[in-house]
Amino acid sequence: MLDIRDKVVYQIYPRSFQDSDGDGIGDLRGILRRLDYLRTLGADYLWLTPFFPSPQRDNGYDVADYRSVDPRFGTMADLEELISEAGKRNMGIMLDMVFNHTSTEHEWFQKALSGNQDYQDYYIFREGEPDKLPTNWASKFGGPAWEYVPGLSKWYLHLFDVTQADLNWENPAVREELKDILRFWKEKGIRGFRFDVVNLISKPERFEDDFEGDGRRFYTDGPHVHEFLQEMVRDAGIEDMVTVGEMSSTSIENCIRYSNPAEKELAMVFSFHHLKVDYRDGKKWELMDADIPALKQLFADWQLGMQEGGGWNALFYNNHDQPRVVSRFGDDKKYWKESAKMLAASIHFMRGTPYVYQGEEIGMTNAGYQAIEEYSDVESLNYYGILRREGKSEQEALHIIGERSRDNGRTPMQWTAGAYAGFSEVEPWLSIPENHRCINAELEQQDEDSIWHFYRRLIALRKERKVIAEGKIEFMERENPDVLSYRRWNEQEELAVLCNFRGKHAGLLGKSPADYEREGWQKLIGNYDGSEERLRPFEVLVYTRAKRTKQ
Ligand code: TEU
């Protein structure tokens, strides 16, 4: 069984990583150019979000052909060279498989539209009248989750955009097609897969209205999801690859089953509950300050629950769907460096596999756009319209979009202080924040005290100290509203991690830094020099000591 416990995955959004052919869009040859940067940082795997042929309605998560490369990102030869060159640097490429839905441009859906019954059964079509939705379910991108096709007198299900039609996993032919796709990429030397919203693939036998919510309770962690995953992994022969499932609105119990090696499903899971602590009433587009005690509780629940059940967490704050965490949970102005480092350390010492999302390692911030015209994301544009129709002023709606938009995580990688941040020679597809002049990889690689070097040390520590990869975990300071603190230990070593999530001094209910030092703990890493009685704003302190035989 593959050991992922001391590995780190770097997520690349190819469209925004490095443009090599001067069209303002990142591409595969651009990634090739940056492999040594990624190796120096310490990445073991590179997760590339989809670059398959796609109308790009959802930036590639609307796949029209699972077995080739969209020309805007390069050629199959480019990908094969990337796989080979990454392998020479002991890095594996992970692909992003969007198996819950295809683009409506996919040939399967086109054949379904032409009346082919077999291909209609690849999707979720329901006979009906144009004025009667099959169910009242909502799309996660706003609006209804069904689209009517007059020529067929049928509706089809789309949990996301109207151009993303949900696949019918109950159909064995669909499952065989998807297994073939995995075998194709394994043959190419791909070393892992991320499965997009894979806990939504099993739909209920009977579709009914949801009078308590938006329908997700009927299809999330659905009735056959575990057997579908076991069958896919077994038949595609990918049990020895790095696999991670994106689990939308899931539960600890299910995630234990998804990621406990005994279940032979996936190697690890992404769950998102910790990234909803600033959603008022759980609603993404209703703002509130991050509830830090709730964040702490969720970390403890998931860390202890998965430890107890033998599951494995992917550890992350950032990805291509999330605002930048230094702007969201940190302070990207007064305590930019301190809060970026504290947030990184707060999860890198936890039990799980850390994911570093492009730009996170240099403290990239939210976009700071001032006009809706600067945005590109379909979800953001849909919700801007919804917010305005709900009566929000242009300014109020822009503020909400500014805080929540997925485009915050999709601004081009800031490589240099130069034109277009060294990402491209021309105006990129999405504009680059002015702060690239002082937040960029070139500058930070030259500064030993930079966020970049802090990430490099965190990643190196995970390989050097087995206690991080294999140790047990327990939480301290449970009643402290400001400080996340936990302990890791194995036979040889124990660590104590103290993180102040506030932009002000924070007292400790248990041991103070002075107590740790008096007890002979050594400081392993931190974001301030020395220590004080209380934790300084956004301070992180990590102590280590040899494990005492008796405890
Ligand atoms: O994301 C699914 C998902 O949970 C988020 O899109 C979330 O639902 C959305 O941002 C609303 O808050 C995956 C991909 O990561 C995302 O980029 C795709 O848009 C989506 O699936 C559909 O494929």
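FYI, it's all coordinate maths here, none of it is from the lab. What you see is a predicted model, and the numbers here were worked out from it, not measured in a lab. Cβ placement follows ideal geometry from the backbone for every residue including glycine, while neighbour counts extend to all protein chains displayed.
Compute the long axis of helix 172-187 from its Cα atoms, compare it with the longest principal axis of the Cα atoms of the chain, and write down the angle in degrees, 0 to 90, nearest 10.
50
Helix 451-464 sits at what angle to the longest principal axis of the chain, using alpha carbons and giving 0 to 90 degrees rounded to 10?
Between the helix axis and the principal axis of the chain, the angle is about 90 degrees.
Roughly speaking, what is the stretch gain from D289 to S114, that is 0.36 nm per residue apart minus the C-alpha to C-alpha distance, in nm to one decimal?
Contour length minus Cα-Cα distance gives 58.0 nm.
Given the options F454, A546, N90, identify the residue whose Cα lies farthest towards the positive end of the charge dipole of the chain (+1 on Cβ of Lys, Arg; -1 on Cβ of Asp, Glu).
A546
Label points 7 Å out from Cα along the Cβ direction at E533 and R437: separation in nm?
Result for the modelled spin labels: 4.3 nm.
Enumerate by residue number the GluC sites (Glu not before Pro) in segment 223-307 meeting two conditions: DSSP loop (anything except H, G, I, E, B), and at most 14 other Cβ atoms within 10 Å of the site's Cβ.
Here the GluC sites (Glu not before Pro) that fit, given the DSSP loop and packing criteria, are E286.
Okay, helix-only estimate at 222 nm for the chain: each DSSP H run of n ≥ 4 adds -39500 (n - 2.57), divide by all residues, round to 500 deg cm²/dmol; what do you get?
Value at 222 nm, helices only: -8500 deg cm²/dmol.
Using DSSP to call loops (not H, G, I, E or B), can you name the GluC sites (Glu not before Pro) in segment 462-530 whose Cβ has at most 16 other Cβ atoms within 10 angstrom?
Answer by residue number: E479, E491, E519.
Which whole-Hz ³J(HN,Hα) couplings does segment 436-449 yield from phi under the Karplus relation 6.51 cos²θ - 1.76 cosθ + 1.60, θ = phi - 60°, glycine and proline marked x?
Here the 3J(HN,Hα) series is 5, 5, 10, 10, 7, 5, 4, 5, 6, 5, 8, 10, 4, 8 Hz.
Among Q445, L229, N490, pick out the residue whose Cα is farthest towards the positive end of the charge dipole of the chain, where Lys and Arg carry +1 and Asp and Glu carry -1 on C-beta, about the Cα centre.
It is N490, whose Cα lies furthest towards the positive end.
Which three extents, in angstrom, do the Cα atoms of segment 1-114 have along their principal axes, listed largest first?
Extents along the principal axes, in whole Å: 50, 40, 21.
Which percent, nearest 5, of DSSP beta bridges in the chain are antiparallel?
Given both bridge residues lie in the chain, the antiparallel proportion sits at roughly 60 percent.
Using 7 Å Cα-to-Cβ label points, what is the A417/A460 separation (nm, one decimal)?
So the two model labels end up 2.6 nm from each other.
For a test of the definition: using alpha carbon positions, the gyration tensor, and the 1.5 limit on a/c, classify segment 192-254 as rounded, prolate or oblate.
Note, shape of segment 192-254 comes out prolate.
Using the crude model of +1 on Lys and Arg Cβ and -1 on Asp and Glu Cβ, and no other charge, please compute the dipole size for the chain relative to its Cα centre, in debye to 20.
1860
In degrees, nearest 10, range 0 to 90: what is the angle between the Cα axis of helix 292-309 and the longest Cα principal axis of the chain?
Helix 292-309 sits at roughly 80 degrees to that axis.
Starting from the Cα of K88, step 7 Å along the direction of its Cβ; do the same at E227; then give the gap between the two resulting points in nm.
4.8
Rounded to two decimal places and with Rh computed the Kirkwood way over Cα pairs, what is Rg over Rh for the chain?
Checking Rg against Rh, the ratio lands at 0.96.
By how many nm would the segment from K334 to R548 lengthen if fully extended, with 0.36 nm per residue of separation less the alpha-carbon distance?
Separation in residues times 0.36 nm, less the Cα-Cα distance, equals 73.0 nm.
Sorting W169, W336 on the 10 Å Cβ count, fewest up front, what's the list?
Neighbour counts put them in this order, fewest first: W336, W169.
Which ³J(HN,Hα) values, rounded to whole Hz and listed in residue order, are derived for segment 82-88 from phi using the Karplus coefficients 6.51, -1.76 and 1.60 in 6.51 cos²θ - 1.76 cosθ + 1.60 with θ = phi - 60°, glycine and proline given as x?
5, 4, 5, 5, 5, x, 4
Before anything else, pin down the relative contact order of the chain: Cα pairs under 8 Å, at least 6 apart, normalised by residue count, whole percent.
13
Quick query: amide H of T353 versus all other amide H atoms, modeled in the peptide plane; which residues come in under 5 Å with a sequence gap of 5 or more or a different chain?
Placed amide hydrogens put N313, A314, L315 under 5 Å from T353.
Could you list, in their original order, any pairs among K264/K341; K296/K333; K463/K504; K188/K466; K186/K463; K7/K504 whose Cα atoms are separated by more than 28 Å?
K264/K341; K463/K504; K188/K466; K7/K504
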